[in-house]
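S.K.: Right, I'll just put the structure down here and ask away after.
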Amino acid sequence: MKIKGCLAAAGTISWYKKDMEDDVAKLRYLDRSGGQLRLRRAIPKHLQELAGAKNFVQRLNGCSAAELKRAAHRFAAETDEALRVLGAKMLTAQTAEPLPRSSPISLSSSQAEAIAATFKQDLIRQEVASGWSTETNDEADQDRHPVFEAYMDKVYAAQEVASGRTTIQPLAADLLVQHGIADPSLGRETDGSYPIRRRRRRVVPSWLQAEPNFLYLCRLLEGVQLQLAELRYQALKNGTIVLPEAPRNEVSTSAQRSNRTVGELLVAYIDRKQNAVSASRMAQFRLVTRAMQEEWGEHKTLSEITREDCKELINLIARTPPYVSQHYRGKTLRQAADAYLATNGRSAERQEEAGNQLAVLVDMFELAKREEWVERNVAITIEPPSARRQKVHEAHERSAQPFTIDELQRIFASSLYAKWSELPKTRDHFSSRDHSFWAPLIALWTGARQNEILQLERGDVRRAGEVPYLQITDETEIEYDPEQFDKRIKARNSLRAIPIHPELVRLGFLDWASTRNPGRLFPEASKGNSDKPSDIYSKRFKRVLEQAGVWVPRRKVFHSFRDTFNDALRRAHVGQELREAICGWKSQRSMDSRYGEGHLVRHLYEACAKVEFPGLDLTHLRP
């Protein structure tokens with residue numbers, strides 16, 4: 001799929017020299033394969049059939065460095081929009097009600113009459129606002145009067161429409177969109193699958209042209225235009241422009257509201273959010289959207305939904321067990337909640353999650369209210385479910401706990417690490433170390449989250465002067481198939497630099513990273529059918545903890561490395577502000593003004609270097 005961009009020019013890229021390679025290498029989607037420069041972005045597999053291509057491609061020849069940067073930024077923005085449109089179309093196809101092709105909209109004859117009456121009143125207001133008038137009765141002057149000529153043009157135009165020589169259908173389609181009866185995308189599709197540029201004139205699809213009430217609306221609009229044209233003509237002949245007032249008869253808003261469905265709300269909400277929030281945040285919408293689909297159905301109208309319906313939905317989410325899609329495959333949320341209750345003798349108490357999903361539900365209905373699909377937000381007055389008050393020991397047991405030194409020693413002396421330590425100290429064996437070796441060590445000495453580690457790329461291992469650090473970001477070094485790998489962060493504060501501890505350097509991490517190819521450091525850590533690589537790896541690491549005799553459900557897990565590192569920072573008397581910046585709980589950008597831009601990494605390194613685990617021996621893992 002080709003995209004128009006930087007114009008080709010004769011000759012080679014004269015500016016492409018060694019001193020510019022570092023700058024150019026940072027551009028996303030830049031591809032140098034085949035000896036040519038081009039911008040290339042993979043289209044997700046599930047959208048390729050709809051797009052009619054596997055990649056967005058823009059070839060670049062004869063561009064200056066500045067032009068290349070502009071082309072790359074424009075390419076990213078345009079392909080983002082293209083993927084958004086394709087995703088919305090796919091989602092619409094999945095959630096839309098399978099209506100007959102001849103009647104995808106609901107337009108009654110009474111609605112058509114109301115639209116025509118509103119259209120007539122709007123035309124009258126326009127004429128009154130224009131202030132056109134004349135007091136002449138001179139027949140010789142009337143034919144030359146500019147107002148008369150303008151009105152006669154409208155008379156002739158109305159006659160052309162009424163005779164069928166021109167069509168009023170695009171105007172009728174516009175009015176359907178204005179009154180909320182048709183989707184704004186009606187008739188705006190282009191011939192290709194890359195709708196960056198749209199036609200100015202709305203093209204009326206054939207199925208709409210065959211809709212009886214749409215044709216009735218067209219006849220009514222033709223009559224309105226002809227009637228007003230005749231009134232103009234008569235008014236001018238009488239020497240003054242006097243237009244009659246018509247009673248305003250707008251399309252019933254209740255009729256519009258009653259037509260909007262849950263499926264339409266989901267499509268509209270996701271369409272607005274998918275480019276405004278991170279992929280991780282988008283994933284958090286899935287639970288409430290799934291609950292709405294299962295409990296209410298996509299075809300239920302919004303006007304039918306009550307406050308009690310919303311309350312029951314949120315209560316169900318509070319009883320839904322975690323990782324429901326993975327652990328209760330083939331079951332609905334209600335069935336999964338019942339199964340959890342039967343197995344554990346109590347419901348899954350996820351009141352905090354229910355509160356988060358309630359906020360999403362309120363936001364959805366606020367959108368519906370702004371669009372005038374509903375009269376009021378029925379979810380806004382609902383209180384989040386209150387949790388049963390936990391005793392101190394219960395709250396303690398439900399959260400991850402730091403590892404002890406003895407537990408750390410058992411983990412790094414387990415069969416997994418014994419395998420690596422027994423291998424010959426050769427370069428080949430050193431290079432073969434993978435995520436199963438490095439992920440726990442990186443987590444222990446940096447406090448990084450599991451998924452942040454597994455999605456690291458070679459370009460994320462950086463230096464600020466003499467200080468090596470990991471850049472936690474959602475920007476990718478090379479292009480990936482989104483179906484296979486989607487780099488993400490948990491929150492905005494997760495964007496940060498984490499200094500690499502001296503012990504990681506002694507273990508050979510920097511040397512090992514320097515041998516990797518551009519792209520992911522751990523490409524073998526796949527996400528499979530899950531959302532992210534950590535979903536699969538957490539299960540595998542559980543077996544490592546079990547073999548080491550360390551694993552305790554919900555308490556001694558991979559996340560315990562993060563708590564262990566944070567405790568070590570606290571023992572080293574590292575201040576709370578620095579601890580939060582290192583662990584991603586506080587924005588590092590907000591601290592630049594205090595430490596000076598570019599100097600923050602040095603302060604963070606000095607804090608991290610204080611971390612120690614007295615009694616932990618890792619010398620057997622050094623190269």
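The values are calculated or read from the model by the stated rules, or taken from the named source; none is laboratory data. Bear in mind that the values here come from a model prediction, so they are computed numbers and not experimental data. As a convention, Cβ positions derive from the backbone with ideal geometry for all residues, glycine included, and neighbour counts pool all protein chains shown. Just the protein is used for accessible areas: all its heavy atoms, side chains included, with ligands, DNA and RNA removed. Shrake-Rupley method; radii C 1.70, N 1.55, O 1.52, S 1.80 Å.
S.K.: Could you give every pair whose Cβ atoms fall below 7 Å, whose first residue belongs to segment 514-532 and is in contact (Cβ under 8 Å) with a residue 24 or more places away in the chain and under 18 Å from Q471 (Cβ atoms), and whose second residue is assigned to a loop (DSSP other than H, G, I, E, B) and of a type in the set (D, E), counting only separations of at least 6 or pairs across chains?
M.R.: Close Cβ pairs satisfying both conditions: P518/E477; G519/E477; F522/D434.
S.K.: Same structure again: Can you name every residue in segment 42-68 that is farther than 20 Å from D481 by Cβ, in a helix (DSSP H, G or I) and either at pLDDT below 75 or in contact with a Ser or Thr (Cβ under 6 Å, 6 or more places away or on another chain) (or both)? I'd like the intermediate steps shown before the answer.
M.R.: Narrowing segment 42-68 to residues farther than 20 Å from D481 by Cβ: 59-68.
Among the residues that remain, those that are also in a helix (DSSP H, G or I) are: 65-68.
Listed by number, the residues that qualify are A65, A66, E67.
S.K.: Restricting attention to segment 177-187, report how many residues are closer than 15 Å to A117 by Cβ and not in a loop (DSSP other than H, G, I, E, B).
M.R.: The number of residues fulfilling the criteria is 1.
S.K.: Show me the strands (runs of 3 or more DSSP E) found entirely inside segment 457-561 where at least 2 residues are of a type in the set (D, E, K, R) and open to solvent by less than 30 Å² (accessible area, probe 1.4 Å). Steps first, please.
M.R.: Numbers: elements: 461-464, 467-472, 496-499.
Correct list: empty, since no element meets the threshold.
S.K.: Looking at segment 408-430, is at least one residue buried (at least 17 other Cβ atoms within 10 Å of the Cβ), charged (D, E, K, R) and in a loop (DSSP other than H, G, I, E, B)?
M.R.: No, the conditions are met nowhere in segment 408-430.
S.K.: For segment 353-373, check the following and say yes or no: at least one residue is basic (K, R), exposed (fewer than 14 other Cβ atoms within 10 Å of the Cβ) and part of a loop (DSSP other than H, G, I, E, B).
M.R.: So the first thing to find is which residues in segment 353-373 are basic (K, R), and the list is 369-370.
Still in the running and exposed (fewer than 14 other Cβ atoms within 10 Å of the Cβ): 370.
Add one more test, that the residue is part of a loop (DSSP other than H, G, I, E, B), and what stays is none.
No, the conditions are met nowhere in segment 353-373.
S.K.: Looking for whichever is modelled with pLDDT under 75, touching a Leu at 6+ places or on another chain (Cβ under 8 Å) and either among the polar types (S, T, N, Q) or open to solvent by less than 40 Å² (accessible area, probe 1.4 Å) (or both) here; the options are A235, A246. Which one fits?
M.R.: Working: A246 fails: touching a Leu at 6+ places or on another chain (Cβ under 8 Å).
Going through A235, A246 in turn, just one is modelled with pLDDT under 75, touching a Leu at 6+ places or on another chain (Cβ under 8 Å) and either among the polar types (S, T, N, Q) or open to solvent by less than 40 Å² (accessible area, probe 1.4 Å) (or both): A235.
S.K.: Show the residue pairs meeting these rules: Cβ distance below 8 Å; 6+ apart or different chains; first residue within segment 214-225 and farther than 14 Å from S109 by Cβ; second residue open to solvent by 10 Å² or more (accessible area, probe 1.4 Å) and not hydrophobic (A, V, I, L, M, F, W, C).
M.R.: V224/K120; Q225/K154
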